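Report on the structure given below.
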Amino acid sequence: MSFEPVIGLEVHAQLLTETKIFCGCSTAFGAPPNSQVCPVCLGLPGALPVLNERAVEHAVRTAVALECTVHRASIFARKNYFYPDLPKGYQISQYEEPLATDGHVEYFDDGAARRVRIMRVHMEEDAGKSIHDGFPDSGGKTYLDFNRSGVPLAEIVTQPDLRAPSEAARFFQRLRRILLAAGVNDGNMEEGSLRCDANVSVRPRGAEALGVKVEIKNLNSFRFLERALDYEVGRQSALLERGGTVVQETRLWDVAGGRTVSMRSKEEAHDYRYFPDPDLPPLVLDSDWVASVREGLPELPEARKQRLMADHGLPERDAALLADDPDLSSFFEAAAAAAGNARAAANWIMGAVAHRMKTLGVGIAAAKVTPASLGALIRLVDGGTISNSVARDVFEKMAATGRPPEAIVEAEGLSQIGDAEELGAAVRKALSENPAAVGKYRTGKTGALGFLVGQVMRATRGQANPRVVNELLKEALETGEE
Amino acid sequence: MAGAARPADAETASSIRDAVRSGHRSAVEVCRHYLERIAEDDGRWNAFTAVFRDEALARAAEVDRHRNEWRDRPLLGVPITVKDVICTRGQPTTAASRILAGFRPPYNATVAARLREAGAIVVGKTNCDEFAMGSSTEHSAYGPSRNPWDPERTPGGSSGGAAAAVAAGLAPVAIGSDTGGSIRQPAAFCGIAGLKPTYGRVSRYGLLAFASSLDQIGPLARTVADTALVLGVLAGHDPHDATSVDAPVDDYTAALSGDAAGLRVGVPRALLGYGDAGIDSEVLAAFDKALVALAAAGALVVDVELPHAEHAVPVYYLVAPAEASSNLARYDGVRYGARAAAAEGGDGAGSPLAAMYDRTRDAGFGAEVKRRIMLGTYALSAGYYDAYYRRAQRVRSLIRRDYDRAFDTAGPGVDVIAMPTTPAPAFRLGEHLQDPLAMYLGDVFTVSANLTGLPAISVPAGFTAARLPIGLQLVGRAFGEATLLRLAHAYERVQEGPA
């Protein structure tokens, strides 16, 4: 029997604020343990939370980027459970009345239009971190670092709209791009700024009813997400195949073992005893303010891709590639305008520019080549001043020195030689030194012409205008002049 | 014996402040006097959990050095006590619980900072029921406090130490907290004034939370004028407390005109007939006399209906424990306070971690706290939440609506609602210990003010034949402390009339 996976994701995105959600401590990553803490985020007796307005703004930004309905009033609730890195014995989250609901993400995947519905976006605080190893006495002790405690998170919950592990991984990548573009999250999964849990069930293909779902935790890379889902879909399908039943439970992705392992069953599931947090009044948002956040949202990847296709005639693949990186897209648009040639700008950016950035490991913003200088370079090629091959050398020099292309061409005398008089000697030399090729051409093997053009180009260090060389050679060969 | 409870040299905060301000007395001299009174006498009342002799004297000396510069500070040189549920930096703050043995907070509660800024000198921490849960101060890891009017009786609770300290003349004013009557009931039992301000009037930052939506800090003092003086220092918006309200702070002292002319006082007659425990006849008689006195002070007494107020006790005993069960989760032995030794294997609860939690909380919390954590956990549990917590919150809204209607000028339009503070005077130590329900029912008149957030004060309203104090409770409009205090003060003046 063939089974269809049904997958939904729960994504935790750290909101890009300077300070924590309920106190003034820094959210900077990598500080010494317990150096960014205060009575509030340590949950000391008597301390009280006060909501950070910037966190609200970023959460609303997240919600509108995902096309959600942002509610006028939402309620903070306490999620009660005991764990050493949870200093208050409860996490402040939102439950019955979240910040936003009913959104969606529309995108192209494998050439097909997709739509994944977003169930809800709510705000919550992160817990601290339990450190179980790395200390001399880690065998018998766990250390706690509360720097993360109170870091603002948006929890984004999708509907179970994904139908394959690979599709889930690509959707998560898409979501990451959106959060990056919206400026609400840094997308850094190694540092834990973006984390993902997945709910997965399987059902016989064609069936309507959903199977029993399993939650998988600890999926902190796209690869782990896909591998864990693959494993889990295989496990559940095999179980059903054998006539067994899937148990509703929470499982953990075991990175080393490449498998999921049971963490707790439905019976062992916590009763979180959610109730409205009496320390925080309802969060009431002004609809004009929400509208202004929506208007202030930068262009998101999908919209930008459509625009790049429409405005610049780019093929979808190129447009998608550029649209995913806001810096790259704006570089492209400025270069295309400066060059008056969008296709050439796109080719340069996805080719030489991208290669250079990758080699140097820097972003486009740090590149010495500017959109204006790249535009000028393309104009030099299009105007016939230099050839494409010379242009590649000029680009390397621009990238190394930051000098404008005109200056490099001028200083190094790289202008293309288009003058028949000037090229005459090189053409004659090529003909005289390559009698065999001349003979071939004259017996009708016109392919030999390319070889002769190459000889002339080499002799002129690439500066010869290939079109002119072509004409001169043809003329000489056909008239018998040598 | 009872006469000793109200020493002849009883002073008010304002008279001390005036004497220090004018240089008539030094702050050190005043401070030393009260420290001596505590040292001599607190063995009888057990009102204090900690006394900060050296720090208090050092601060008093500082006040004396800055006397001119600080002359406008409203509590200049006034010794004051703070209930043990309020954080004072670097000083023991235990909520009278074993689980916080040795805990010294690294920060000051906003009220502690405000008192200091106002020139007051914190001389010590006062005893209370553990985490403010109780009505007798018997549920304290430090043992019970005693009532200065009769040491065999409770001073009330949970701010029993605060009330006993003021009544015994060990401090002119005390800071308490009130979640269901914990300032007003001890004030009534000890024959002093105690004010619970409007929810949000005084910052809760640094108050060890019992029930966050009900808790409020307020003063206990010998006179209404002193509660007004101290409220002026405590009140005001605090950016560290999202539930504190940014409303203007009135000049409460200036509001004490001495008469109640034009004020309408509502009496919920139907409520007074209610109660399984019934109302003590001497308390009712004192209340009737108080109504006459209010009228004599110029107030117009009218009847009001509070049809849902009779449900206040059950509502309170769902909402407060529910919040407490969550608020007290942080006392787990992991980061501060007492921790039970890690157990090998565990106690059948699973992991050694779970066993550590169990043992720490079992050893650290007393019976009443455990009882309320269990009640609250149950009320919030899946499958019971709607029937208990959510329903209780609905009834709470109905109670608030009753009060709004009574205050509404389209209805009775009263300014203040009057009722006894407690259905009976101070009970004997141990009398209700085996019967928690009887103890809870004693809160029938006080809990409504917390459920509605309204300000309420208890003022002395005479004595029983056995010389036990009786309290009159007045409940005001939200942020109507100025009017509430004016009426309480006018009543106090009539009371004090020719003996």
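Among the residues of segment A:206-216, are any over 31 Å from the mean Cα position of the chain (by Cα) and crowded, with 18+ Cβ neighbours inside 10 Å? Can you show your working first?
At the first step, the residues of segment A:206-216 found to be over 31 Å from the mean Cα position of the chain (by Cα) are A:206-212.
This time we only want the ones that are crowded, with 18+ Cβ neighbours inside 10 Å, so: A:211.
So far as segment A:206-216 goes, yes, one or more of its residues are over 31 Å from the mean Cα position of the chain (by Cα) and crowded, with 18+ Cβ neighbours inside 10 Å.
Considering only residues that are farther than 14 Å from B:Leu472 by Cβ, charged (D, E, K, R) and outside any loop (DSSP other than H, G, I, E, B), which ones fall in segment B:269-316?
B:Arg269, B:Asp303, B:Glu310
Need at least 1 residues that are surrounded by fewer than 24 Cβ atoms within 10 Å (Cβ to Cβ) per element, so show me which strands (runs of 3 or more DSSP E) inside segment B:71-182 make the cut, counting only ones lying wholly within it.
Filter on segment B:71-182 gives B:121-126.
Tell me, which residue of segment A:157-194 that is in a loop (DSSP other than H, G, I, E, B) and among the acidic types (Asp, Glu) is nearest to A:Val6 (Cα to Cα)?
For segment A:157-194, the residue satisfying everything is A:Asp161.
Restricting to helices (runs of 4 or more DSSP H) lying wholly in segment B:431-499: which have 2 or more residues that are in contact with a strand residue (DSSP E or B) (Cβ under 9 Å, 6 or more places away or on another chain) and farther than 29 Å from B:Val395 by Cβ?
Hits in segment B:431-499: B:481-496.
Looking at segment B:234-256, which of its residues are within 14 Å of chain A (Cβ to nearest Cβ), in contact with a strand residue (DSSP E or B) (Cβ under 8 Å, 6 or more places away or on another chain) and over 9 Å from B:Gly200 (Cα atoms)?
Answer for segment B:234-256, where residues must be within 14 Å of chain A (Cβ to nearest Cβ), in contact with a strand residue (DSSP E or B) (Cβ under 8 Å, 6 or more places away or on another chain) and over 9 Å from B:Gly200 (Cα atoms): there is none.
Listed here are the residues, each with its yes/no results for (1) among the hydroxyl-bearing types (Ser, Thr, Tyr); (2) in a helix (DSSP H, G or I); (3) more than 7 Å from chain B (Cβ to nearest Cβ); (4) within 30 Å of A:Glu295 (Cβ to Cβ).
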{"position": "A:Cys41", "(1), (2), (3), (4)": "no, no, yes, no"}
{"position": "A:Ala55", "(1), (2), (3), (4)": "no, yes, yes, yes"}
{"position": "A:Ala59", "(1), (2), (3), (4)": "no, yes, yes, yes"}
{"position": "A:Thr62", "(1), (2), (3), (4)": "yes, yes, yes, yes"}
{"position": "A:Pro98", "(1), (2), (3), (4)": "no, no, yes, yes"}
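Inspect segment B:240-247 for any residue being within 30 Å of A:Asp279 (Cβ to Cβ), over 21 Å from the mean Cα position of the chain (by Cα) and among the acidic types (Asp, Glu) and give the result as yes or no.
yes
Quick check, is B:Ser203 buried (at least 19 other Cβ atoms within 10 Å of the Cβ) and of a type in the set (S, T, N, Q)?
yes
Name the pairs: first residue in segment B:364-383 and touching a residue at least 60 places away in the same chain (Cβ under 8 Å), second residue among the small types (Gly, Ala, Ser) and part of a helix (DSSP H, G or I), Cβ to Cβ under 6 Å, at least 6 apart or on different chains?
Cβ pairs passing all conditions: B:Arg372/B:Ala324; B:Ala379/B:Ala322.
Of the conditions (1) under 17 Å from B:Val123 (Cβ atoms); (2) touching a Ser or Thr at 6+ places or on another chain (Cβ under 6 Å), B:Ala96 satisfies every one except a single condition; which number is it?
The single condition B:Ala96 does not satisfy is (1).
Restricting attention to segment A:64-96, and to residues there that are away from chain B (no Cβ under 14 Å) and assigned to a strand (DSSP E or B), which single residue is farthest from B:Phe210 (Cα to Cα)?
In this case the residue turns out to be A:Thr69.
Looking at B:Leu398, B:Leu375, which one is touching a Pro at 6+ places or on another chain (Cβ under 6 Å) and in a helix (DSSP H, G or I)?
None of the others qualify; the one that does is B:Leu375.
Name the residues in segment A:222-248 that are on the phi < 0 side of the Ramachandran plot and of a type in the set (Gly, Ala, Ser), would you?
Within segment A:222-248, A:Ala228, A:Gly234, A:Ser237, A:Ala238, A:Gly244 qualify.
Go through segment A:372-442 and tell me which helices (runs of 4 or more DSSP H), entirely inside it, have 3 or more residues that are within 16 Å of A:Ala344 (Cα to Cα) and in contact with a strand residue (DSSP E or B) (Cβ under 8 Å, 6 or more places away or on another chain).
Details: elements: A:388-401, A:405-411, A:420-433, A:435-442.
Helices (runs of 4 or more DSSP H) meeting the threshold: none at all.
State all residues of segment A:277-304 that are crowded, with 19+ Cβ neighbours inside 10 Å, of a type outside the set (A, V, I, L, M, F, W, C) and within 14 Å of chain B (Cβ to nearest Cβ); if no residue qualifies, say none.
Correct list: A:Asp277, A:Pro278, A:Asp279.
Got a sec? Which of A:Ala334, A:Ala291, A:Ala310 is in a helix (DSSP H, G or I), at pLDDT 90 or above and over 23 Å from the mean Cα position of the chain (by Cα)? Before the answer, list the steps.
On the way: A:Ala334 fails: over 23 Å from the mean Cα position of the chain (by Cα); A:Ala310 fails: over 23 Å from the mean Cα position of the chain (by Cα).
Result: A:Ala291 is the single residue among A:Ala334, A:Ala291, A:Ala310 that is in a helix (DSSP H, G or I), at pLDDT 90 or above and over 23 Å from the mean Cα position of the chain (by Cα).
If you scan segment B:9-34, which residues turn out to be part of a helix (DSSP H, G or I), farther than 14 Å from B:Arg73 by Cβ and in contact with an Asp or Glu (Cβ under 8 Å, 6 or more places away or on another chain)?
Scanning segment B:9-34 gives a single hit, B:Val28.
Those residues that are at pLDDT below 95, outside any loop (DSSP other than H, G, I, E, B) and among the aliphatic types (A, V, I, L, M), I need them from segment A:262-283; list them, please.
Result: A:Met263, single match.
Only one residue in B:Thr179, B:Thr137 is without any contact (Cβ under 8 Å) to a residue 60 or more places away in the chain and farther than 21 Å from B:Thr12 by Cα. Which one?
Answer to the check: B:Thr137.
The values are calculated or read from the model by the stated rules, or taken from the named source; none is laboratory data. This is a predicted model, so every value here is computed, not measured. No Cβ is skipped: glycine too gets one built from the backbone with ideal geometry, and neighbour counts run over all protein chains shown.
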